[in-house]
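Please read through the structure below; I'll follow up with questions.
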């Protein structure tokens, strides 16, 4: 019984290894002889910060004057933040995202 288990384990490991090797060979090498230079065809960030629409979404449901704890929005940049998307419904919806189409 132990021999069968060991044989099956080796067979599965070999198949996984073959699949990993095939996937690894498809990866594009970025380094090469000029690892300090970004390849020309790679995407480039052209805009940073929240758009006016994104800022309005981030501040939706927050009354003015805005609390100092929201100053991090000024430094948000292009990073994803869950605070500009509706969250949970019901009693947890303190900013009234789900109250209707009044926004």
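Residues of the range 20-59 being outside any loop (DSSP other than H, G, I, E, B), modelled with pLDDT under 80 and either touching a strand residue (DSSP E or B) at 6+ places or on another chain (Cβ under 8 Å) or surrounded by fewer than 10 Cβ atoms within 10 Å (Cβ to Cβ) (or both), which ones? First the steps, then the outcome.
Step one: list which residues in the range 20-59 are outside any loop (DSSP other than H, G, I, E, B), which gives 20-25, 52-58.
Narrowing further to those that are modelled with pLDDT under 80: 20-25.
Within the range 20-59, 21, 22, 23, 24, 25 qualify.
Checking residue 103 against (1) over 19 Å from the mean Cα position of the chain (by Cα); (2) modelled with pLDDT under 85; (3) at positive phi, only one condition comes out false. Which one?
Among (1) over 19 Å from the mean Cα position of the chain (by Cα); (2) modelled with pLDDT under 85; (3) at positive phi, residue 103 violates only (3).
So, in the range 67-88, exactly how many residues are more than 16 Å from the chain's Cα centre (by Cα) and surrounded by 12 or more Cβ atoms within 10 Å (Cβ to Cβ)?
Residues of the range 67-88 that are more than 16 Å from the chain's Cα centre (by Cα), as a first pass: 67-75, 86-88.
Subsequent filtering for residues that are surrounded by 12 or more Cβ atoms within 10 Å (Cβ to Cβ) retains 70, 73, 86-87.
Adding up the residues that qualify gives 4.
Quick one: is residue 62 within 30 Å of residue 97 (Cα to Cα), assigned to a loop (DSSP other than H, G, I, E, B) and either touching a strand residue (DSSP E or B) at 6+ places or on another chain (Cβ under 8 Å) or at pLDDT 80 or above (or both)?
On the way: within 30 Å of residue 97 (Cα to Cα): yes; assigned to a loop (DSSP other than H, G, I, E, B): yes; either touching a strand residue (DSSP E or B) at 6+ places or on another chain (Cβ under 8 Å) or at pLDDT 80 or above (or both): yes.
Against the criterion (within 30 Å of residue 97 (Cα to Cα), assigned to a loop (DSSP other than H, G, I, E, B) and either touching a strand residue (DSSP E or B) at 6+ places or on another chain (Cβ under 8 Å) or at pLDDT 80 or above (or both)), residue 62 qualifies.
The values are calculated or read from the model by the stated rules, or taken from the named source; none is laboratory data. Note that the structure is predicted; figures quoted are calculated from it, not measured. All Cβ positions, even for glycine, are placed from backbone atoms using ideal geometry, and neighbour counts span all protein chains on display.
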